[in-house]
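S.K.: Take a look at the following structure, please.
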Amino acid sequence: MRREDVQPLLARAVGRLPEPDLADAAWAEGVAIRQRRRRSVLVGLVVVVLIAVIAAIGFGVSSGKGAELVPPTTPPTNPPDYVAPAGQIAGIDYWVAPPSGSERFLDRLETPLGDSLQLPSNAKPLSEHPIDRIAAVVLEKRGDTYGPLLLGADASWSRADVQLVPIATGSPLSPGAVSPDGRIAAFPQPGELVTVNAGTAEVSHYDVPTEDLRSVSWLGDAQRVLVSGPGVAYRVLVGEGGFGEGPLVKVNGAKDADAVTAPFRLDGGSVGRYTVSGQWIEDSPLALPVRFWVGQTFSTSSIAARLFVSNDLPQVPTKVSQPQVLAAISTLRAQPSRLLVLGEPVGGPPRTPRADRAYVREPGCCSVLGWYGDGTPLLQVRGWVLAWDLSSGRVRRVTELGVDGLAVGPGIRP
């Protein structure tokens with residue numbers, strides 16, 4: 001048979017087959033193809049689900065057994081001048097401050113206080129030279145009285161026309177004298193509170209039914225002042241009050257007059273939060289090795305800072321004194337607290353206790369003065385003002401003190 005005869009023979013054979021047989025055969029083949037495709041899709045889905053289940057089980061098992069997690073590819077960033085903490089005290093990271101005698105060699109933080117703070121000889125009358133924002137307040141002795149000298153943010157001095165008499169502790173300058181807006185300075189006096197408006201030179205007197213007043217602390221609204229003595233305290237309205245508010249409200253006092261501060265106070269074994277009723281409620285407990293607290297508490301929106309004299313610290317041993325610690329306690333759970341320990345010089349040849357005393361920061365030499373910004377508390381330390389940057393742990397000098405007392409205000413920073 002020739003090749004060209006095959007095609008006609010196949011055509012005639014197909015022509016004799018019944019059409020229903022061809023239709024059925026095509027239908028059956030189509031159904032089979034669709035079933036095969038469905039089985040392929042179903043098998044694929046089952047495999048994907050099994051892989052996901054196995055991965056989830058494996059992750060749960062590894063987490064339960066404390067398996068190591070892959071660390072992030074980018075480590076946390078710290079400031080370029082970051083100083084690592086020396087360890088922990090009561091579960092809080094602590095840093096050790098530069099030793100006494102090394103202050104003048106520290107890097108300096110530029111402020112209107114200058115390199116050395118002395119009583120000015122060229123202060124102008126405040127009525128002629130008003131100050132928009134107070135950077136600092138000092139007192140000059142005028143016979144048996146004191147006169148306030150106000151330093152502006154531009155580093156110029158003005159003299160207030162008011163005579164202040166001594167209080168039970170001597171100088172009537174409280175570290176919390178300057179209002180939060182830097183416009184007013186307040187001074188405790190026997191039986192009264194005296195304020196000086198830096199912008200208008202106006203002097204105001206507010207009677208308080210207690211002779212022994214020692215401390216002033218402003219509320220954040222700059223309209224009210226807490227003035228206190230041992231065991232007694234009052235809230236004095238110096239600005240616009242609320243409806244029906246009296247000019248003087250008695251509030252809960254404390255044995256330590258410096259402990260009466262707002263909005264927070266570090267005292268005893270807790271952080272206290274001031275309430276409008278004039279009481280302090282416990283905001284959080286403290287488990288610090290406190291022998292006693294020193295000076296006032298100064299607060300930002302999220303941190304309260306105060307200094308305490310510590311019990312013996314195994315982490316920072318001392319030979320002839322007790323360690324003093326600046327506690328910067330966070331009032332937010334998401335933000336850590338920090339401690340700065342003022343210890344004694346270490347290393348070098350042995351010295352006698354008398355020689356050591358020249359380098360000892362005795363209790364009472366140091367206290368918190370306020371804040372240079374929200375992350376830098378200012379600390380008075382035996383003739384110096386230091387600044388501690390909480391983000392880097394670095395301590396810098398601000399100024400050498402040639403005055404007996406100092407109160408700082410918001411004008412100290414740009």
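S.K.: What distance in nm separates the two pseudo spin-label positions at Asp212 and Val165, each 7 Å out from Cα along the beta-carbon direction?
M.R.: 1.7 nm
S.K.: If each of Ser284 and Lys141 carries a label point 7 Å out from its Cα toward its Cβ, how far apart are those two points in nm?
M.R.: Those two pseudo-labels are separated by 4.4 nm.
S.K.: Apply the Karplus curve 6.51 cos²θ - 1.76 cosθ + 1.60, θ = phi - 60°, to the phi angles in the stretch 310-323 and return the couplings in whole Hz, x for Gly and Pro.
M.R.: Each residue of the stretch 310-323 in turn: 8, 5, 4, 10, x, 5, 10, x, 10, 9, 10, 8, 9, x Hz.
S.K.: Still on this structure, please answer the following. First compute the accessible area of the stretch 120-212 with a 1.4 Å probe, then give the percent of it belonging to carbon and sulfur atoms.
M.R.: Carbon plus sulfur share of accessible area: 46 percent.
S.K.: With the crude spin-label approximation of a point 7 Å out along Cα→Cβ, what separation in nm comes out for Ala155 versus Lys124?
M.R.: 1.7 nm
S.K.: Chymotrypsin sites (Phe, Trp or Tyr not before Pro) within the stretch 79-186: which are DSSP loop residues with at most 15 other Cβ atoms inside 10 Å?
M.R.: Counting only loop positions with at most 15 other Cβ atoms within 10 Å, the chymotrypsin sites (Phe, Trp or Tyr not before Pro) in the stretch 79-186 are Tyr82.
S.K.: Could you please put Ser179, Ser367 in sequence from largest to smallest accessible area, using a 1.4 Å probe?
M.R.: Ser367, Ser179
S.K.: What part of the accessible area of the stretch 247-339, given as a whole %, is carbon or sulfur when the probe is 1.4 angstrom?
M.R.: Roughly 52 percent, rounded to a whole number.
S.K.: Still on this model: Loop-only chymotrypsin sites (Phe, Trp or Tyr not before Pro) in the stretch 232-319, please: DSSP not H, G, I, E or B, and at most 14 other Cβ atoms within 10 Å. Don't skip to the end; give the middle numbers.
M.R.: Working: sites: Tyr234, Phe243, Phe264, Tyr274, Trp280, Phe292, Trp293, Phe298, Phe308; in loops: Phe243.
Sites meeting the loop and neighbour criteria: Phe243.
S.K.: Working out 0.36 nm times the residue gap between Val83 and Lys319, then minus their Cα-Cα distance, what length gain in nm do you get to one decimal? Kindly include the intermediate steps, with their values, before the conclusion.
M.R.: Values: separation 236, 0.36 × 236 = 84.96 nm, distance 2.55 nm.
Length gained between Val83 and Lys319: 82.4 nm.
S.K.: Kindly identify the stretch 133-225 as rounded, prolate or oblate by the Cα gyration tensor criterion: order the square roots of the eigenvalues as a ≥ b ≥ c, call it rounded if a/c is under 1.5, otherwise compare a/b with b/c, prolate if a/b is larger, else oblate.
M.R.: Here the stretch 133-225 falls in the oblate category.
S.K.: If you don't mind, there's one more thing I want to ask. Kindly report, to the nearest 10 Å², the accessible surface of Thr169 as traced by a 1.4 Å probe over protein heavy atoms only.
M.R.: Here the accessible area works out near 90 Å².
The values are calculated or read from the model by the stated rules, or taken from the named source; none is laboratory data. Everything numeric here is computed off the predicted structure, so don't read it as measured data. Note that we place each Cβ from the backbone using ideal geometry, even for glycine, and neighbour counts take in every protein chain shown. Only protein heavy atoms, including side chains, enter the accessible area calculation; ligands, DNA and RNA are left aside. Shrake-Rupley method; radii C 1.70, N 1.55, O 1.52, S 1.80 Å.
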